[in-house]
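What follows is a single structure, written as structure tokens, with notes after it.
The values are calculated or read from the model by the stated rules, or taken from the named source; none is laboratory data. Every value quoted in this text rests on a predicted model; they were computed, and no experiment measured them. Counting neighbours? That spans all protein chains shown, and the Cβs are built from the backbone with ideal geometry, glycine included. The accessibility values were calculated without ligands, DNA or RNA, using every heavy atom of the protein model including side chains. Shrake-Rupley method; radii C 1.70, N 1.55, O 1.52, S 1.80 Å.
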Amino acid sequence: MPIDLLIRGGSVVTHEAVIQTDMAIEDGTIVAVGDNGNTAHEEIDAAGLHVFPGLIDSHVHFNEPGRTHWEGFAPGSAAFASGGGTTFIDMPLNSTPPLLDAEAFDAKADAGRAHSRCDFALWGGLTPANLDHLEALAERGVVGFKAFMCDSGIDDFLAADDDTLHAGMTTAAKLGLPVAVHAESQAITAAHTKLAHDRHDYRWEAWTASRPVVAEIQAIRRALAFAEDTGCALHIVHVSAARAARLIRQTRTQHDLDVTCETCPHYLALTADDLPDLGARAKCAPPLRDRDNQAGLWKELLAGTFDLVGSDHSPAPPDMKSGDDAFAAWGGIAGVQSTLPVLLSHTPQPPLPLLARLTAANPAKRFRLPRKGRLSPGHDADLTLVDLDQSFVLTRDTLHDRHRQSPYVGRAFTGRPVRTLLRGRTVALDGQPVGDPLGRLLTSDA
């Protein structure tokens with residue numbers, strides 16, 4: 001009997017190799033990869049295209065409920081799907097209330113089910129205010145707990161001091177869930193920020209200087225020590241410094257620690273030299289760094305130091321991303337639609353199986369989403385068809401996030417996602433979202 005869908009003649013990019021072959025899909029699941037004479041009710045001609053696993057972005061801030069004027073599941077997931085994404089993991093801030101207890105989990109899950117075009121999972125928060133709620137969050141199905149080692153910028157999501165972080169990691173270890181840390185030293189960043197304010201220096205150069213590499217490294221060292229002491233699985237988010245990446249690599253080599261790390265497309269595509277022109281559209285923490293550092297990040301990425309790449313999509317209304325005061329402008333980059341083009345446009349182009357691991361297989365494994373991340377039988381038919389030869393300049397009118405303030409507008413890319421399928425159903429075509437929201441809540445199998 002005919003199967004539901006056949007992807008015909010594409011170059012299938014697995015986490016191990018690139019194979020020109022067919023892919024058979026039934027009931028939203030991949031049932032075969034290979035030319036085995038299948039017939040289908042529907043065929044998609046993928047000749048000349050590469051079939052990637054749908055992107056899994058484990059670091060987005062879609063801000064719903066409570067701050068949907070900043071973003072939201074509907075526009076955020078529309079942008080993500082248009083860029084080849086099929087599964088995201090939403091951070092516990094900047095929604096209101098933040099995801100610190102079971103009630104907040106339920107509210108965010110309901111919003112996602114109602115509005116998301118992609119499948120999704122949720123991070124829980126780890127703050128001094130909710131240590132006694134971690135077990136309940138684990139029962140709800142969070143993939144892990146997110147902690148800030150410095151001021152988060154959000155009043156209702158407090159930084160985790162050392163005692164809080166150690167206690168939270170002890171609990172997380174017992175629950176079998178990872179802790180993700182925003183690793184910057186509060187003491188160092190506060191001291192440098194005060195120095196800039198004392199000098200009345202609010203330029204971009206002063207902003208980047210206020211969050212030096214040493215602040216990142218010092219915090220990472222503490223987090224690694226706590227992970228070793230508690231036995232907790234540790235995930236270090238948005239690593240911006242090549243020196244920090246090397247520290248993580250060396251520690252993993254020397255010690256038996258369950259530690260993973262991510263970097264972001266903006267650190268791989270932009271540098272501090274871009275800030276005067278881009279302004280607050282390119283403000284993030286940790287900040288963009290210099291070109292030598294960027295070259296070092298690419299070296300570490302190609303060497304396998306980074307386990308995954310997450311967008312850290314964190315938009316805000318235009319009035320919060322304006323003005324001449326680099327310290328006052330809201331920090332956060334809106335880039336969820338551009339992760340794959342950024343990675344594909346690097347010269348030389350990274351090995352495609354490496355990109356499949358960084359953007360799909362590894363996050364699925366790390367955050368225990370067993371049906372996701374691989375183009376193999378038994379996995380969800382989440383995939384994106386990409387034209388590697390298509391060059392384009394990103395324009396604002398092609399973006400789908402709420403405020404369309406991407407720092408990549410005007411930038412040339414090569415490699416364009418042209419169709420995205422979630423569980424075998426097309427959710428984006430030629431850069432446009434398609435159909436009704438199909439997103440399902442996923443929970444960790446911990």
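Go through 121, 428, 296 and say which Cα lies farthest out towards the positive end of the charge dipole of the chain; charges sit on Cβ, +1 for Lys and Arg, -1 for Asp and Glu.
After comparing all options, I get 296.
Restricting to DSSP H runs of at least four residues, report the calculated mean residue ellipticity at 222 nm for the chain, -39500 (n - 2.57) per run over all residues, nearest 500 deg cm²/dmol.
-8500 deg cm²/dmol
Leaving out ligands, DNA and RNA, and with a 1.4 Å probe, what % of the accessible surface on region 290-329 is carbon or sulfur?
46 percent
Output ³J(HN,Hα) for region 381-388: one whole-Hz value per residue in order, computed from phi by the Karplus curve 6.51 cos²θ - 1.76 cosθ + 1.60 with θ = phi - 60°, and x for Gly and Pro.
Each residue of region 381-388 in turn: 7, 9, 7, 10, 8, 10, 8, 5 Hz.
Short version: ³J(HN,Hα) in whole Hz for each residue of region 7-13, in order, from phi by Karplus 6.51 cos²θ - 1.76 cosθ + 1.60 (θ = phi - 60°), x for Gly and Pro, what are they?
So the Karplus estimates, Gly and Pro as x, are 8, 9, x, x, 8, 7, 9 Hz.
Computed FRET efficiency, Cβ-Cβ of residue 290 and residue 27, R0 56 Å: what is it to the nearest 0.05?
Computed FRET efficiency for residue 290 and residue 27: 0.65.
Treating the Cα atoms of region 202-356 as identical point scatterers in vacuum, please give the log10 of the normalised Debye intensity I(q)/I(0) at q = 0.15 Å⁻¹, two decimals.
Those come out to -0.81, one per q.
In a Gaussian network model over the chain where Cα atoms closer than 10 Å are linked, find which of 343, 247, 224 has the largest mean-square fluctuation.
247
Quick one: helix 213-230 against the long Cα principal axis of the chain, what's the angle to the nearest 10°, folded into 0 to 90?
Helix 213-230 sits at roughly 80 degrees to that axis.
Averaged per residue, what accessible surface does region 54-122 expose to a 1.4 Å probe, in Å²?
For region 54-122, the per-residue accessible area is 20 Å².
Carbon and sulfur: what percent of region 83-156's accessible surface (1.4 Å probe)?
Percent of accessible area from carbon and sulfur atoms in region 83-156: 43.
Charges at C-beta only: +1 for Lys and Arg, -1 for Asp and Glu. How large is the resulting dipole of the chain about its Cα centre, in Debye rounded to 20?
680 debye
How would 204, 123 rank on accessible area, largest to smallest, probe 1.4 Å?
204, 123
Could you give me the percent of Cα pairs per 20 Å distance bin for the chain, shortest bin first, beginning at zero and ending with the bin that holds the maximum distance?
Going out from 0 Å in 20 Å bins, the chain shows 27, 60, 13, 0 percent.
With unit charges on the beta carbons (Lys and Arg positive, Asp and Glu negative) and the dipole taken about the Cα centre of region 1-99, which residue among 89, 6, 33 sits farthest to the positive side?
Value computed over the given set: 89.
With a cap of 10 neighbouring Cβ atoms within 10 Å, and only residues DSSP puts in a loop, list the trypsin sites (Lys or Arg not before Pro) found in region 181-285.
Taking region 181-285 and a limit of 10 other Cβ atoms within 10 Å, the loop trypsin sites (Lys or Arg not before Pro) found are 199.
Taking a label point 7 Å from the Cα of residue 199 along the Cα→Cβ vector, which residues of region 139-159 have an amide N closer than 14 Å to it?
none
With only Lys, Arg, Asp and Glu charged, each at its Cβ (+1 for the first two, -1 for the last two), find how big the charge dipole of region 100-153 is about the Cα centre; round to the nearest 20 debye.
It works out to roughly 300 debye.
On average, how much accessible surface per residue is there in region 228-304, in Å², for a 1.4 Å probe, leaving out ligands, DNA and RNA?
Using a 1.4 Å probe on heavy atoms only, each residue of region 228-304 averages 38 Å².
Just the accessible area for residue 150, please: 1.4 Å probe, Å², rounded to the nearest 10?
Here the accessible area works out near 0 Å².
Students sometimes get this wrong: rank 366, 140 by accessible area, probe 1.4 Å, all chains present, largest first.
The most accessible residue leads, giving 140, 366.
For region 214-288, count all C-alpha to C-alpha pairs, find those more than 15 Å apart, and express that count as a whole percent of the total.
That fraction is 57 percent.
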